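The values are calculated or read from the model by the stated rules, or taken from the named source; none is laboratory data. This one's a predicted model, so the numbers in the text were calculated from it and none came from an experiment. Glycine gets a Cβ as well: all are built from the backbone with ideal geometry, and neighbour counts include every protein chain shown. These accessible areas exclude ligands, DNA and RNA; they are computed on the full protein's heavy atoms, side chains included. Shrake-Rupley method; radii C 1.70, N 1.55, O 1.52, S 1.80 Å.
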Amino acid sequence: MNHHALALKFHSFSPQYALSLSNFTLQSPNPLQFRVPNVSSSVSLRSRSSAADVSPVRYTDVSSSSIGSLGETGGVVVTEKPIDVATLGNLCVDIVLSVDELPPPSRGERKALMDELSLSPPDKKYWEAGGNCNMAIAAARLGLQCVAIGHVGDEIYGEFLLDVLHEEGIGTVALDGEATNAKDASSFCETLICWVLVDPLQRHGFCSRADFKEEPAFSWITDLSDEVKMAIRQSKVIFCNGYDFDDFSPSFIMSTIDYATKVGTAIFFDPGPRGKSLSKGTPDERRALSHFFRMSDVLLLTSEEAESLTGIKNPVKAGQEILRNGKGTKWVIVKMGPKGSVLVTKSSVSVAPAFKVEVVDTVGCGDSFVAAIALGYIRNMPLVNTLTIANAVGAATAMGCGAGRNVAKRHQVVDLIKASKLNDEESLLKELLAENPETPKVNLLSKGMRKEGSNKQQIEIISMEKVVSELLPELELGRCCVKASS
């Protein structure tokens, strides 16, 4: 048996949250050449690539802004900031190995395996940028200016990660602190590695150092440096996910949320598979998780996560309940896998069925999806258009193997949108409106179906032909891409 095939932890795709909504009451290169009309302060973008030197990029010092006001199309009017998207933490190297089987999960065996593999790094052909790198790469390929904020070590894995990000046109801003002892100064400061095993059924097992620590990997990072604050202040959107809790302390995460809110940077949050354990975690973890749900501008959840959080099976009703309990929440997006996706605002519901594709690997699909949601949010696209391009980017990623540099490329997204092969919207609509959610307007992407609204729903049919005519010019003319080869 291959010596790599030992038991790893499975990440469930149907987490059962124990978090009550009552907790919401808690108080709590080239693309690096940003075009900035005037200058007052600077942020250094890191790169260890030998291919080019990246000098500090200077950004305008902008205080709290009106980012997040609603636009005419239901989108959001985003103030001028030179960075489109910043990602927080979760910068890791995935080492992806195909195995015959995934043995039963055993903490001791997993730890022994990780220690053994760490002694002799596998060939670089098995390495890939992982974690929030997936979202940043997908966003950069859609033409967004991106910065990854996080910690990487000064070793071969860190150099690899920085080189990949640099090649994709993504800047990096270091999150560093002072190690308090010899242990922190050595292995605890290294780049995070995630071992990914894939069996013949495309099931994935994940294992990293974070699985065996009682505290976050970089708990010694306690404060936002001036450079990090500047990067957040100069970003339109900051993306966070549940794996940030593996990197940083809950107090650090909450202070970052509060700072982003203060300076008018929109917060995107996707709890992901970690949501289940966080909802049952320490009081500090639960408090920080609740703070995310209260303060995020955009929340992204699977239908299972939305149901578990609210106790409501209907995705539309669940989204509306989450909106009612959020303080600054503008969009709740519910991902329904091969069925499609739903975007809920206070005044409308937008529905887009998924694209028909042959799924090879689902790793990175959610990260790619949120990158396109950020694109629509920043560019104030019509909501159905935003869901359509997000579904297309997620589907294009699913057609490949692995994430990182394997996430969707522009030409794949263009091909899917041109083909316009959608799954059945009629059954999706029936499921969503089965319990007659009280919403004044439903925007439905359709291949041609006609549907009359009930007394409580005004259903506006938006043809795929119309959406294609609006999306393709941006994609084909290169307005949504960084490299012609992407």
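Brief remarks on what is shown
- Where a residue in the stretch 249-262 is more than 19 Å from Met230 (Cβ to Cβ) and its partner, wherever it lies, is surrounded by fewer than 21 Cβ atoms within 10 Å (Cβ to Cβ) and among the charged types (D, E, K, R), with Cβ under 8 Å and at least six apart: Ser249/Glu215; Ser249/Asp284; Pro250/Asp284; Pro250/Glu285; Pro250/Arg287; Ser251/Asp284; Met254/Arg287
- The residue that is modelled with the highest pLDDT, counting only those in the stretch 74-121 that are among the β-branched types (Val, Ile, Thr) and surrounded by fewer than 16 Cβ atoms within 10 Å (Cβ to Cβ), is Thr79.
- The condition (being of a type in the set (A, V, I, L, M, F, W, C) and surrounded by 23 or more Cβ atoms within 10 Å (Cβ to Cβ)) is satisfied by just one residue among Ala260, Ala217, Ala210: Ala260.
- Residue that is modelled with the highest pLDDT [pool: residues in the stretch 438-467 that are closer than 16 Å to Val344 by Cβ, more than 28 Å from the chain's Cα centre (by Cα) and assigned to a loop (DSSP other than H, G, I, E, B)]: Gln458
- Any chance Gly337 is on the phi < 0 side of the Ramachandran plot and out of contact with any Gly (no Cβ under 8 Å at 6 or more places or on another chain): no
- Unmet requirement for Leu289, which otherwise passes all of (1) closer than 25 Å to Gln458 by Cα; (2) part of a helix (DSSP H, G or I); (3) within 17 Å of the chain's Cα centre (by Cα); (4) not hydroxyl-bearing (Ser, Thr, Tyr): (1)
- Qualifying residue in the stretch 418-425 (condition: surrounded by 18 or more Cβ atoms within 10 Å (Cβ to Cβ) and touching a helix residue (DSSP H, G or I) at 6+ places or on another chain (Cβ under 6 Å)): no
- Test: Lys430 is open to solvent by 20 Å² or more (accessible area, probe 1.4 Å), over 25 Å from Ala129 (Cα atoms) and modelled with pLDDT of 90 or more: no
- The one condition in (1) open to solvent by less than 30 Å² (accessible area, probe 1.4 Å); (2) assigned to a helix (DSSP H, G or I); (3) not hydrophobic (A, V, I, L, M, F, W, C) that Gly281 fails to fulfil: (2)
- For Ala318, the conditions (1) open to solvent by 20 Å² or more (accessible area, probe 1.4 Å); (2) part of a helix (DSSP H, G or I) are fulfilled apart from (1).
- Residue match in the stretch 297-305 (condition: in a helix (DSSP H, G or I) and not polar (S, T, N, Q)): yes
- Among the residues of the stretch 225-247, those that are part of a loop (DSSP other than H, G, I, E, B) and at pLDDT below 95 comprise Ser225, Gly242, Tyr243.
- Residues that are at pLDDT below 90 and of a type in the set (S, T, N, Q) within the stretch 314-346 comprise just one, Asn325.
- For the stretch 330-365, filtered to residues that are of a type in the set (Lys, Arg) and over 15 Å from the mean Cα position of the chain (by Cα), the residue that is farthest from Ile461 (Cα to Cα) is Lys330.
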